[in-house]
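For reference, the structure is listed below as structure tokens.
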Amino acid sequence: MKKFLTTLFMTAFVLVMAHAGFGMTINGAGATFPYPVYAQWAYKYEKLKGVKLNYQSIGSGGGIAQIKAKTVDFGASDAPLKAEALEKFGLIQFPMIMGGVVPVVHIKGVGPGKMRLSPEVLADIFLGKIKTWNDPAIRKLNPGLVLPDKNITVVHRADGSGTTWIFTNYLDKVSKEWHAKVGTGKAVSWPAGVGGKGNEGVSAYVQKVNGGIGYVEYAYALQNKLAHVLLKNRAGKFVAPTIKTFQSAAANADWAHAPGFYMVLTDQPGEKSWPITGASFILVYKVQKKPETGKAVLAFFDWAYRHGAQIAMKLDYVPIPEKVVRLVEATWKKEIKDTKGHPLWK
């Protein structure tokens, strides 16, 4: 009898652990923009649930390529796919986190939040038109700042990147010349500068080069103690990148009427809005050939929505609003199924 009960208990335990995904590894790849928060969520989730998340921070372009190639369980991209592309590849996307892309500088004696830049001047710097830090256009914006007669070194991403997509989407909106010559993309033909791989690479390059300017996700600016700029927003106010200014930019986004959750948050109205705000998205297949893995992926992101907000805010990301989470999970229930047509999320 004792042996029977032990066997029964062990069988039940194994079934419960299997149902919970205990011991499972889920694999994802893509955007570097949300990597710091995904890493913290993964660490906490594995301790709580015994499910490991293996996430490759390779850039949005790589994440989209890998999910299309079906070499990962989910892809991650800061550049959302339009509804037609999602339909073509049998994917759905949903927003997972929001944050800001931040221009950062390395100029001796210039600390965080000390330099002011306008959209036009920022675009002209990255176009290679403004070449030195004491250029009259920069001095006009910063009358109280001592600016050196030093060449500007532009640092941009060398890899396909959603961070680049957000940044160039902004420049494309605020500069007619940028729109005509460069445009928007995960990778563009840069008019000036040197490349670094990932937010990590850009951060490291800017730190090394006196006179450097680059753009990174805000968490990297904080972690690496880089000097962010104040940027003039659509309302004409110079604002700093903070969780409140990111929230202001995201406040009026109409997710309910965004086909496939396609939403761009750059150059939003509002006196307190940070102008280079963006969302990061997850991509999964509508039809899950490995339903248990698919369930484990959704369970992880459900947990992150419901229990990961404090972790996100400590890293200066903006959690997805509850009303948007409800829209997302309703989409999971409706659209994500196994090969027999049974819903994966209930």
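Values as computed for the structure displayed
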| item | result |
| --- | --- |
| Close pairs (9 angstrom Cβ cut-off, 6 or more residues apart or separate chains): on the phi > 0 side of the Ramachandran plot in the stretch 321-346, at pLDDT 95 or above anywhere | Gly341/Val287 |
| Residue match in the stretch 134-157 (condition: more than 24 Å from the chain's Cα centre (by Cα) and assigned to a strand (DSSP E or B)) | yes |
| Residues satisfying the stated conditions in the stretch 49-63, i.e. in contact with a helix residue (DSSP H, G or I) (Cβ under 9 Å, 6 or more places away or on another chain) and either outside the structural domain of Lys88 (by TED's automatic domain parsing) or surrounded by 20 or more Cβ atoms within 10 Å (Cβ to Cβ) (or both) | Val51, Leu53, Tyr55, Ser57, Ile58, Gly59, Ser60, Gly61, Gly63 |
| Exclusive hit being at pLDDT 95 or above and at positive phi, set Gly109, Gly90 | Gly90 |
| Per-region count, the stretch 94-123, residues farther than 16 Å from Asp135 by Cα and in a loop (DSSP other than H, G, I, E, B) | 6 |
| Selection count where residues are at pLDDT below 95, under 18 Å from Met98 (Cα atoms) and outside any loop (DSSP other than H, G, I, E, B), scope the stretch 38-62 | 2 |
| All positions within the stretch 258-297 that are out of contact with any Leu (no Cβ under 8 Å at 6 or more places or on another chain), of a type in the set (D, E, K, R) and over 23 Å from Lys323 (Cβ atoms) | Asp267, Glu271, Lys289, Lys290, Glu292 |
| Filter pass, Trp165 being part of a helix (DSSP H, G or I), at pLDDT 95 or above, aromatic (Phe, Trp, Tyr) and not assigned by TED's automatic domain parsing to the domain that holds Ala299 | no |
| Unmet requirement for Val216, which otherwise passes all of (1) part of a helix (DSSP H, G or I); (2) touching a helix residue (DSSP H, G or I) at 6+ places or on another chain (Cβ under 8 Å); (3) closer than 26 Å to Ala187 by Cβ; (4) not aromatic (Phe, Trp, Tyr) | (1) |
| Flag for Asp302 being out of contact with any Gly (no Cβ under 6 Å at 6 or more places or on another chain), assigned by TED's automatic domain parsing to the domain that holds Thr25 and part of a loop (DSSP other than H, G, I, E, B) | no |
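The values are calculated or read from the model by the stated rules, or taken from the named source; none is laboratory data. Computed from a predicted structure; not experimentally measured. No Cβ is skipped: glycine too gets one built from the backbone with ideal geometry, and neighbour counts run over all protein chains shown.
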